[in-house]
Amino acid sequence: MPSAIEVRKVPIHSVADASELAKLIDDGVMAADRVIAIIGKTEGNGGVNDYTRIIADRAFREVLVEKGAPEDQVKQVPIVWSGGTDGVISPHATIFATTDAEPTDDLRLTVGFAMSEPILPEEIGYTAMIEKVAAGVKEAMEKAGITDPADVHYVQTKTPLLTIHTIRDAKARGKEVWTEHTHESMDLSNGVTGLGIAVALGEIEMPTDADVMNNRELFSAVASCSSGVELDQAQIVVVGNARGVGGNYRIGHSVMQDALDADGIWEAIKSAGLDLPERPRTSDLDGRLVNVFLKCEASQSGEVRGRRNAMLDDSDVHWHRQIKSCVGGVTAAVTGDPAVFVSVSAAHQGPEGGGPVAAIVDMS
């Protein structure tokens, strides 16, 4: 049985700052060598060349080593950074660590991690990648001690996207790639990964290559997929609930049906186990919400609730940044805290124009 989990959210005061992680360790909240995953937001542009993710990654790993974790172990810790804190979204990190706790038969938070087989550039966008992601999700579920897919509430991934270098590599080997537009490949990699998660959890049957980025009725309700230049495998963190683990935390999920669906966020929080009024307010959370994790996407219709918007036609500010800012504001209005994990590019992650929401709460 996996260990109980301690989870805390900390602010990031500058792009290379990991002082709040160091403070958690110094205060005995968690041990450096028991940190098993970190998921956070950095303040870069969120694009292919967003190097704030690499800077933050280095800063957090350096603190773990400095505080006593073995360097080889720290290299294996999954750290998933989502770049871009548009609007009111505040840079922060959510840190997961194992801890000692009395086992309980209540459902409590559990985390499992896996790396897929290497994903070749010519596999990005096709069923070959879906199969590799699905296999990795099943491995991470097993490590989390989860046997029922219904107990999986959040799957955070980081996968490779296409760069000029990897496109050239594929061509040199006589292979074709799905797209030669590197920024478009971010949406593509995220979408294919969402399909892989959905297949692993039995949410959908195996799709065809033609379904990728086209059949938006195929999606996962728990997938949160990011991509970047840092790796050539799918890095997979499965978060769910299990009995016998112990600890103080639980996770739940729901979906936003569109960019303004605050009720979808509240439903995720209720799903995690908080007893809230029928029409809750931020004050009803009473400090028990650790964090929420969302994916968002501009609707392909160019509308929200029947009203036209210009996000998809705007040549000055990419729709990635506009929808992220919008949903970040809606989310912060619910939680009362701008340090929320809102990530863009949600193809095959939640309903079209909406996205999945996961919430972790403190049940103590």
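The values are calculated or read from the model by the stated rules, or taken from the named source; none is laboratory data. Source: prediction; values computed, not measured. Counting neighbours? That spans all protein chains shown, and the Cβs are built from the backbone with ideal geometry, glycine included. All accessible areas refer to the heavy atoms of the entire protein, side chains included, with ligands and DNA or RNA removed. Shrake-Rupley method; radii C 1.70, N 1.55, O 1.52, S 1.80 Å.
Residue by residue through the range 1-35, note down the ones that are open to solvent by 40 Å² or more (accessible area, probe 1.4 Å), outside any loop (DSSP other than H, G, I, E, B) and not small (Gly, Ala, Ser).
Arg8, Lys9, Pro11, Glu20, Lys23, Asp26, Asp33, Arg34
For Leu294, state whether it is of a type in the set (A, V, I, L, M), touching a residue at least 40 places away in the same chain (Cβ under 8 Å) and not in a loop (DSSP other than H, G, I, E, B). Full working, then the answer.
Working: of a type in the set (A, V, I, L, M): yes; touching a residue at least 40 places away in the same chain (Cβ under 8 Å): yes; not in a loop (DSSP other than H, G, I, E, B): yes.
Taking the combined requirement at face value, the residue satisfies it.
Give me the pairs: first residue in the range 91-109 and modelled with pLDDT under 95, second residue not in a strand (DSSP E or B), beta-carbon distance under 6 Å, and six or more apart or on different chains, which are they?
The qualifying pairs are Ala101/Gly246; Ala101/Gly247; Glu102/Gly246; Pro103/Gly244; Pro103/Gly246; Thr104/Gly246; Asp105/Arg243.
Within the range 330-355, can you find the residues that are under 13 Å from Ser224 (Cβ atoms) and open to solvent by 10 Å² or more (accessible area, probe 1.4 Å)?
Val344
Given the criteria closer than 28 Å to Ile323 by Cα, of a type in the set (D, E, K, R) and surrounded by fewer than 24 Cβ atoms within 10 Å (Cβ to Cβ), does Glu176 qualify? I'd like the intermediate steps shown before the answer.
Details: closer than 28 Å to Ile323 by Cα: no; of a type in the set (D, E, K, R): yes; surrounded by fewer than 24 Cβ atoms within 10 Å (Cβ to Cβ): yes.
So Glu176 does not fit the description; no.
Here's the yes/no breakdown for (1) open to solvent by 10 Å² or more (accessible area, probe 1.4 Å); (2) under 19 Å from Val237 (Cα atoms):
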{"residue": "Ala37", "(1), (2)": "no, yes"}
{"residue": "Gly40", "(1), (2)": "no, yes"}
{"residue": "Ile55", "(1), (2)": "yes, no"}
{"residue": "Phe60", "(1), (2)": "no, yes"}
{"residue": "Val65", "(1), (2)": "yes, no"}
{"residue": "Gly68", "(1), (2)": "yes, no"}
{"residue": "Gln73", "(1), (2)": "yes, yes"}
{"residue": "Val80", "(1), (2)": "no, yes"}
{"residue": "Gly84", "(1), (2)": "no, no"}
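For the range 167-218, give me each residue that is over 20 Å from Gln300 (Cβ atoms) and within 24 Å of the chain's Cα centre (by Cα).
The answer is Thr182, Gly196, Ile197, Val199, Ala200, Leu201, Gly202, Glu203, Glu205, Met206.
For the range 175-187, which positions are farther than 16 Å from Asp211 by Cα and not in a helix (DSSP H, G or I)?
Lys175, Glu176, Val177, Glu180, His181
Between residues in the range 141-157 that are under 16 Å from Ala272 (Cβ atoms) and residues that are open to solvent by 20 Å² or more (accessible area, probe 1.4 Å) and part of a helix (DSSP H, G or I), which pairs lie under 9 Å by C-beta distance while being six or more apart or on different chains?
Correct list of pairs: His153/Ser271.
For the structure I just gave you, tell me whether Ile269 is part of a helix (DSSP H, G or I), over 15 Å from the mean Cα position of the chain (by Cα) and of a type in the set (Val, Ile, Thr).
On the way: part of a helix (DSSP H, G or I): yes; over 15 Å from the mean Cα position of the chain (by Cα): yes; of a type in the set (Val, Ile, Thr): yes.
In short, yes.
Considering each of Lys138, Lys132 in turn, give the residue that is open to solvent by 60 Å² or more (accessible area, probe 1.4 Å) and either under 20 Å from Ala221 (Cα atoms) or at pLDDT 95 or above (or both).
Lys138
Search the range 200-221 for residues that are farther than 22 Å from Ala114 by Cα and pair each with any residue that is open to solvent by 60 Å² or more (accessible area, probe 1.4 Å) when their beta-carbon atoms are under 6 Å apart and the residues are at least 6 apart or on different chains.
Asp209/Tyr126; Arg216/Glu352
How about the range 220-241: which of its residues are surrounded by 24 or more Cβ atoms within 10 Å (Cβ to Cβ) and within 12 Å of the chain's Cα centre (by Cα)?
Val222, Ala223, Ser224, Cys225, Ser226, Ser227, Ile236, Val237, Val238, Val239 - these are the residues of the range 220-241 that are surrounded by 24 or more Cβ atoms within 10 Å (Cβ to Cβ) and within 12 Å of the chain's Cα centre (by Cα).
Considering only residues that are loosely packed, with under 13 Cβ neighbours inside 10 Å and either among the aromatic types (Phe, Trp, Tyr) or within 24 Å of the chain's Cα centre (by Cα) (or both), look in the range 290-329 and name the one that is nearest to Leu109 (Cα to Cα).
Residue satisfying both the conditions and the ranking: Gln300.
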